[in-house]
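The values are calculated or read from the model by the stated rules, or taken from the named source; none is laboratory data. All values derive from a computational prediction rather than experimental measurement. Using ideal geometry, Cβ is built from the backbone for each residue, glycine included, and neighbour counts are taken over all protein chains shown. In case anyone asks, the SASA skips ligands and DNA or RNA and just uses the protein heavy atoms, side chains included. Shrake-Rupley method; radii C 1.70, N 1.55, O 1.52, S 1.80 Å.
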Amino acid sequence: MPGTRCMLAMLAGWAGQGAPLELTESTIAKHIGRSVRQVYRYLQDAAREGYLRYYRTKNRMGMITGIKVWLTFDLIRSVKPKSTAKNPEIRRKQGRTHRAEINKTNIYNSKKDRELDQKLERLRLLIDH
């Protein structure tokens, strides 16, 4: 499901280097803008596909306090092969775009404006005194 993909991306960002996450389904729901029931379906879908495994955490009285999630980073953060000289067909897009076809206007006047230079010099003298 597309929502499962969004949830997995968010959880992968939270997990950082691969530590298990201790959170609640309502926390996930709040951050992705879905209901708790929908998050439950996303968790089941991701677990069925092998992207994560989770179990419910309970307190001493047996009340459910949240979930603990382990992500399978090998599946989530797949590494794409790098483009090499041996394998040129991997690189399909050009590295940079061509220069735009626009009228070139120089916003800085290369000619000296004597009147402007005189006014700037007078202003500098007033500030120095």
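Beta carbons closer than 8 Å, at least 6 apart along the sequence or on distinct chains, pair a first residue in region 4-19 that is closer than 16 Å to Ala47 by Cα with a second that is open to solvent by 60 Å² or more (accessible area, probe 1.4 Å) and of a type outside the set (D, E, K, R) for Thr4/Tyr51; Leu8/Tyr51; Met10/His31.
Take the residues of region 71-82 that are outside any loop (DSSP other than H, G, I, E, B) and open to solvent by less than 60 Å² (accessible area, probe 1.4 Å): which is modelled with the highest pLDDT?
The residue in question is Leu71.
Anything in region 20-32 that is free of Cβ contacts under 8 Å to residues at least 24 places away in the same chain and open to solvent by 70 Å² or more (accessible area, probe 1.4 Å)? List them, or say none. Those that are free of Cβ contacts under 8 Å to residues at least 24 places away in the same chain and open to solvent by 70 Å² or more (accessible area, probe 1.4 Å): Lys30, His31. Tell me which residues, restricted to region 61-70, are of a type in the set (A, V, I, L, M), at pLDDT 90 or above and either over 24 Å from the mean Cα position of the chain (by Cα) or open to solvent by 50 Å² or more (accessible area, probe 1.4 Å) (or both). Matches in region 61-70: Met61, Met63, Ile67. Within region 18-32, how many residues turn out to be part of a loop (DSSP other than H, G, I, E, B) and at pLDDT 90 or above? So the answer is 1. Scanning region 33-60 for residues that are open to solvent by less than 60 Å² (accessible area, probe 1.4 Å), farther than 18 Å from Pro20 by Cα and assigned to a loop (DSSP other than H, G, I, E, B) turns up just one, Gly33.
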